[in-house]
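**Q** The following block contains the structure, expressed as C-alpha cells.
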Amino acid sequence: MSATTQTTLRPHEGWTGEVKTGQVLRITAKSMIDFNCFEKDNFKEYFDTARTRIYNLNMYPTVNHRLFSKQNNPMMKFIKDGFSGIGLHDLQSSHGCPDLMLKTLGTVKSMTLADLPDPMGLFRNLKISPSGQIKPSPKGPLDPVDIELKAEIDLVCALTNCPSAELSASGADCIVTIL
C-alpha cells in the first residue's frame, strides 16, 4: 500500500480528512488521540461508542473489531494495532480536548458541543475497576506505534492529538497517513 497523504500533528493540533471505502487510515503515535468519523455525505451517521461496544462485546477495540455508526452500520475495521500488549484504546471516556475537536471539525461542518459524539480514545489506556470507577492509567509506548483502520464506507475522519498530563504518557507528534 502506498500513502496518498501524510500529515504530522504536533501536540494540541487536530486533523480531518476523507477516507474512501477500502482505504486505510494509519495513525502513528504515542500520546493520547481522540478519534471520530462520519459518513462522508451524512454527518447524522456518525461513529457511536455505545453501538461499537455492544456489537464487539468489548470496551477496548483492537484488531478485527469494527467501528459502528449510530445507525448500526459498520464504518471501519481495526486491521493493525501496535498498541496491543502495551495498553488499551477505549470506548468509554469523553473528549480530552472537546474545543480542539470542535475547531478541527469546524473546517468541514459547524457543530456545537451538544452535537459532538463521544470519541474513541486511542492510546489512552483507561482502566475500569471492578466497582465501576473509571481512571486513566497513562502507559504509552516508548516509541510511536501504528494502528490501522480500514474504511468500510466513505468517511470524514477527525482526530486530535491532545496529550494531557493525566491522560497521556507523553506529548509527541502524531503522523496521520491515508493508504
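Derivation of every value follows stated rules applied to the coordinates shown; laboratory data play no part. Values in this document were obtained by computation on a predicted structure and should not be read as measured data. Cβ atoms come from the backbone with ideal geometry, glycine included; neighbour counts cover every protein chain shown.
**Q** For the residue pair residue 4 and residue 72, what label-to-label distance in nm results when each label sits 7 Å from Cα along the Cα-to-beta-carbon direction?
**A** 3.0 nm
**Q** Can you compute the charge dipole magnitude of region 1-158 about its Cα centre, using +1 on each Lys and Arg Cβ and -1 on each Asp and Glu Cβ, nothing else charged? Give it in debye, rounded to the nearest 20.
**A** The calculated dipole for region 1-158 is roughly 320 debye.
**Q** May I ask you to derive the relative contact order of the chain, considering only C-alpha pairs under 8 Å and at least 6 residues apart, and to give it as an integer percent?
**A** That works out to 45 percent.
**Q** Rg and Dmax of region 1-54, Cα atoms, in Å?
**A** Reported Rg and Dmax, both Å: 13.0, 34.
**Q** Treat the chain as a sphere of radius equal to its Kirkwood radius over Cα pairs and apply Stokes-Einstein at 4 °C in a medium of 1.567 mPa s; give the translational diffusion coefficient in µm²/s, rounded to a whole number.
**A** Details: Rh = 15.9 Å.
Taking Rh from Cα pairs, D becomes 82 µm²/s.
**Q** Could I ask something else about it? Taking the highest mean first, how do the peptides 141-151, 100-110 order by number of other beta carbon atoms within 10 angstrom per residue? Kindly include the intermediate steps, with their values, before the conclusion.
**A** Details: 141-151: 18.0, 100-110: 15.8.
Ranking the peptides 141-151, 100-110 by packing returns 141-151, 100-110.
**Q** Among 67, 9, rank each residue by its count of other Cβ atoms within 10 Å, from fewest to most, as a rough exposure measure.
**A** Going from least to most buried by this count: 9, 67.
**Q** Could you check the simple spin-label distance between residue 79 and residue 110, using points 7 Å along Cα→Cβ, in nm with one decimal?
**A** 3.7 nm
**Q** Taking a cut-off of 24 Å between Cα atoms, list the lysines near residue 103, but don't count ones fewer than 8 places away on the same chain.
**A** Candidates past the 8-residue exclusion: 20, 30, 40, 44, 70.
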